[in-house]
Structures are given as structure tokens and as C-alpha cells.
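Only the coordinates and a few stated rules stand behind these numbers; no lab work does. Since we're looking at a predicted model, the values are computed, not measured. Backbone-built Cβ (ideal geometry, glycine too); neighbour counts: all protein chains shown.
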Amino acid sequence: MNKAKPLLGIFGGTFDPIHYGHLNCALQVQQHCGLQQVRLMPCHLPPHRASPGVSAAQRAQMVELAIADYPQLALEPLELQQQRPSYSAISLAQLHQQFPEHQLAFILGMDAFNQFTRWYRWQDILQRADLIVCQRPQHATVSTASQPLLQQHQIQTAAELQQPGHGRILLFNNALQDISATELRQQIPSLQQCPDWLPQSVWNYILQHRLYTLRTP
Ligand code: ATP
């Protein structure tokens, strides 16, 4: 019988900016699913989709500040180094080669999972990794498009991830947090102090670099 490899979590996103919705999901999944580490992977954003005045390097620096106190979390810079749109299927294939001693678990929120079957070569993702889907307020139900996938691949317990394999889907019971980066970006220009949603270090960085003050054209 194959021996199970340690689990490595990959949590992709724009992280524009990273907030406690992301951070707490990463921490809870890491602990409850027994992952050796969770790597937060900010995607490349084409200039027309990027927040004006906020570079990829700055999104990455905010991730690094947010995770500084948590040795079980790390920045995964793979997609930032690319000058093309990020495709999780390609990134996970690369990470699969980069971490041959690990089994990969791809972490995503329910809103993202509900779109999953529209992603580029999504079937390939299930060949490389398991999925851990975090609950998100306002996205309580599984979409019609993702239902069949869930029915076919759902596992009921995190312990099953510790068996060798891939393509399994766990709906993870994280604490719900009604936080969104889009709302945060809209609110930042009028905030006087660090909101509950943001780590203080990230807030300080935003102030210092005057981020999110320019409007999207
Ligand atoms: P927006 O509010 O603009 O959609 P976002 O925070 O969802 O921003 P991303 O940085 O791309 O944008 O999110 C990265 C991943 O984190 C996605 O899979 C998303 O579903 C998940 N996520 C984001 N916020 C939460 C939250 N509050 N609770 C659970 N998962 C979340």
C-alpha cells in the first residue's frame, strides 16, 4: 500500500488586500486538516484588472506581513513571477513537481468553488490535488454547476485527506466571516483606523504606501 505523504495546502487568490477572511481560513484549515503548511499564492493580475497603484509585489508584501507570526503559513510566489494570466491547473502541475514529497490540497472559498467548472482545465486540478472548500457568508449553497462534481468527489472527514489520493472534495466547516476584499477596498479611503477585518501590520503598510486611494477608471 502507498504511504501517505505530508499534506501541503495551496491557497490561491488575489489578496488585494489580504484580510482576516483569508488568514483565518488558512489557519483553521491548516490545523483541522493536519496540513504541514499552507502556502498563500497571490495570482498574477493583468494591468487592466489590478487595483490602480497597487503592484503585485505590494500584494505579496502584505501577505508576508499578515503571516509573519505564523510559521505554519508561507508565501508562494510562483504566479507573481509570471507575466501571463494565472491558471491554477498550470500552477498546481508545477507545484506538484516542486514538492514531490507532499500531497497537495487546494484551498478555495465557496464562491470560487461555485465557478470551478468554468476554470481552465479544472479536471487537471483534481488530478494533482484535493480540494478544501471554505464556507463563506452570502455563498451558502453549492451552485448547480458544481453539485455533480461534489456528489462524485465529496469526502466527509478531514482524516480521509491523510490517505494517499487526489481529487477528493472536503466542505470545510470554518467559522463564517463576512469579509470581502472588494468592500474593504471601497471603504479604505474613508477609514480613520485599522478595521477589524485587517491585521494591523497590513493596515500600517496600506497607510505608509497610500494604497487603495485611487479609483478604478
Ligand atoms: P472579493 O471580495 O473581491 O471577491 P476575495 O477576498 O474573495 O475578494 P480573493 O483574494 O481572490 O478575493 O480570495 C481568495 C480566496 O479566498 C477565494 O477562494 C475566496 O473564495 C476566499 N475567501 C475570500 N474571503 C473569504 C471569506 N471571508 N471567507 C472564506 N473564504 C474567503
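Compared with the alpha-carbon gap, the fully stretched path from ALA68 to LEU191 is longer by 41.9 nm at 0.36 nm per residue. A straight chain from GLN200 to ALA140 at 0.36 nm per residue would run longer than the Cα-Cα distance by 18.7 nm. Given a Förster distance of 35 angstrom, what is the FRET efficiency for GLN82 paired with HIS32, based on the Cβ-Cβ distance and rounded to 0.05? Efficiency, rounded to the nearest 0.05: 0.65. Full extension of the chain between GLN61 and LYS5 gives 17.1 nm of extra length, using 0.36 nm per residue less the Cα-Cα distance. In region 118-217, Cα pairs under 8 Å separated by at least six residues give a relative contact order of 30 percent.
In region 1-105, Cα pairs under 8 Å separated by at least six residues give a relative contact order of 37 percent. Note on region 7-179: Cα convex hull, mean projected area over all directions, 9.6 nm². Taken over region 41-107, the ratio of Cα radius of gyration to 2.2 N^0.38 Å equals 1.20.
Taking every DSSP helix (H) stretch of at least 4 residues in the chain, weighting each as -39,500 (n - 2.57) and dividing the sum by the residue count yields a mean residue ellipticity at 222 nm of -9000 deg cm²/dmol.
Suppose a student asked you for the relative contact order of the chain, using Cα pairs under 8 Å spaced at least 6 residues apart; what percent would you report? Numbers along the way, then the final one.
Values: 350 pairs, mean separation 56.5, N = 217.
Computed value for the chain: 26 percent relative contact order.
Put simply, the amide H of ASN174, placed in the peptide plane, has neighbours under 5 Å in GLN135, leaving out anything fewer than 5 places away on its chain.
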